[in-house]
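Chemist: Pasting a structure below so you can have a look.
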Amino acid sequence: MTEKAHAHKAAVSHIQRKLIPSYIFLTIMSFISVFPLYWMFTAATNASVEVAQGKIWFGNYLAENYKNLLEQQDVWRAMGNSFFYAAVQTVASLFICSLAGYGFELYHDKGKDRLFAVLLLAMMVPGVATLIPLFTMVSRMKLLNTVWAFILPALSTPFLIMMFRQNSRNFPIDTMEAARIDGLSEIRIFFQMYFPMMKSTYAAAAVITFMNAWNSYMWPRTVLKGNDVMTMPMVIANMSNGYAVDYGMLMLGVLFCSLPTIIVFFVLQKQFAEGITGSVK
């Protein structure tokens, strides 16, 4: 081995030794981040007493917890309700917010810029401040216990509009002008050109919207009454109330509630990362 090769090997070894503390730190932080998810899986297989005692290994009570969960809670109906509400809200929000973001960015004028500033200010208003007015509006419209009561307040959110507007800056204006010269209408430009080129942004927005809708608790708890319209977070909250809580069954319910969002994120994680960074294809 030549002297140059020895020097290169020594330099690589020195760099690797310097990175050891970073690897150790990242390993510890990764374990801390993953441990709650691991504990959720293990707790779902243990008895309530074992969970309360802090057992972190897999047990033999998964079948019993599953049986008790189905007997005491209408889990599958709640899962179906949550999926239906989240899916409808996601599709409707993406369509409306993408249209708004597209219009704000590609059709500039002073009035729209002022309106967009008002939308950004609306992001500072906490959700609880609008809870009572929204409930009053939904009640007067006689929409309580319906899917519309769930999705209407979240159809258009300032965050998604801002996200689509920011990413629309990467949309090639020359392509849109060429399409106009060729005779394409604005609607066809949006659906045939803008939508395919912004798929990553749509994927990122879909993940965010679906997770927010799936995990929503306060608003559904306010406008949805009755077991036939309950969502999974509402079922979990009911399971955690009372004098005696079955922690094994509760953690199995939490696992059921968490799996759809985990699956959606892992399926769309690449597109999510691309959409957050504002890439256009």
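The values are calculated or read from the model by the stated rules, or taken from the named source; none is laboratory data. Only a predicted model underlies this, so the values are computations on that prediction, with no experimental measurement involved. Every residue, glycine among them, receives a Cβ derived from its backbone with ideal geometry; neighbour counts consider all protein chains shown.
Chemist: Quickly run through the range 147-171 and pick out the residues that are touching a helix residue (DSSP H, G or I) at 6+ places or on another chain (Cβ under 8 Å) and assigned to a loop (DSSP other than H, G, I, E, B).
Modeler: Leu155, Ser156, Thr157, Arg169, Phe171, listed by residue number.
Chemist: Tally time: how many residues in the range 133-144 are surrounded by 15 or more Cβ atoms within 10 Å (Cβ to Cβ) and not in a helix (DSSP H, G or I)?
Modeler: Here is the first cut: in the range 133-144, the ones surrounded by 15 or more Cβ atoms within 10 Å (Cβ to Cβ) are 134-135, 138, 143-144.
Those left that are additionally not in a helix (DSSP H, G or I): 143-144.
Summing the residues that are surrounded by 15 or more Cβ atoms within 10 Å (Cβ to Cβ) and not in a helix (DSSP H, G or I) in the range 133-144 gives 2.
Chemist: Determine whether the range 67-80 contains at least one residue that is among the aromatic types (Phe, Trp, Tyr) and assigned to a helix (DSSP H, G or I). Lay out the reasoning, then the answer.
Modeler: Step one: filter the range 67-80 for residues among the aromatic types (Phe, Trp, Tyr), giving 76.
Then drop every residue that is not assigned to a helix (DSSP H, G or I), which leaves 76.
Yes, the range 67-80 contains at least one residue that is among the aromatic types (Phe, Trp, Tyr) and assigned to a helix (DSSP H, G or I).
Chemist: Something else: Could you please tell me which pairs satisfy a Cβ distance under 7 Å, a separation of 6+ or placement on different chains, a first residue in the range 232-246 that is closer than 25 Å to Phe83 by Cα, and a second residue that is among the basic types (Lys, Arg) and surrounded by 13 or more Cβ atoms within 10 Å (Cβ to Cβ)?
Modeler: Within 7 Å, the pairs are Met234/Arg221.
Chemist: Are there any pairs with C-beta distances below 7 angstrom linking a residue in the range 31-43 that is part of a helix (DSSP H, G or I) to a residue that is surrounded by 14 or more Cβ atoms within 10 Å (Cβ to Cβ) and β-branched (Val, Ile, Thr), with the two at least 6 apart or on different chains, and if so which?
Modeler: Met40/Val254; Ala43/Val51
Chemist: Now a separate question. Which pairs have Cβ atoms under 9 Å, sit 6 or more apart or on different chains, and link a residue in the range 82-106 that is among the charged types (D, E, K, R) and buried (at least 17 other Cβ atoms within 10 Å of the Cβ) to one that is in a helix (DSSP H, G or I) and at pLDDT below 90?
Modeler: Glu105/Phe164; Glu105/Arg165; Glu105/Gln166; Glu105/Asn167; Glu105/Ser168
Chemist: Can you find, within the range 247-278, the residue that is nearest to Gly59 (Cα to Cα) among those that are touching a residue at least 24 places away in the same chain (Cβ under 8 Å) and in a loop (DSSP other than H, G, I, E, B)?
Modeler: Leu268
Chemist: Looking at Ile189, Ile208, which one is in a helix (DSSP H, G or I), surrounded by 17 or more Cβ atoms within 10 Å (Cβ to Cβ) and either more than 22 Å from the chain's Cα centre (by Cα) or of a type in the set (Ser, Thr, Tyr) (or both)?
Modeler: Values: Ile208 fails: either more than 22 Å from the chain's Cα centre (by Cα) or of a type in the set (Ser, Thr, Tyr) (or both).
Exactly one of Ile189, Ile208 is in a helix (DSSP H, G or I), surrounded by 17 or more Cβ atoms within 10 Å (Cβ to Cβ) and either more than 22 Å from the chain's Cα centre (by Cα) or of a type in the set (Ser, Thr, Tyr) (or both), namely Ile189.
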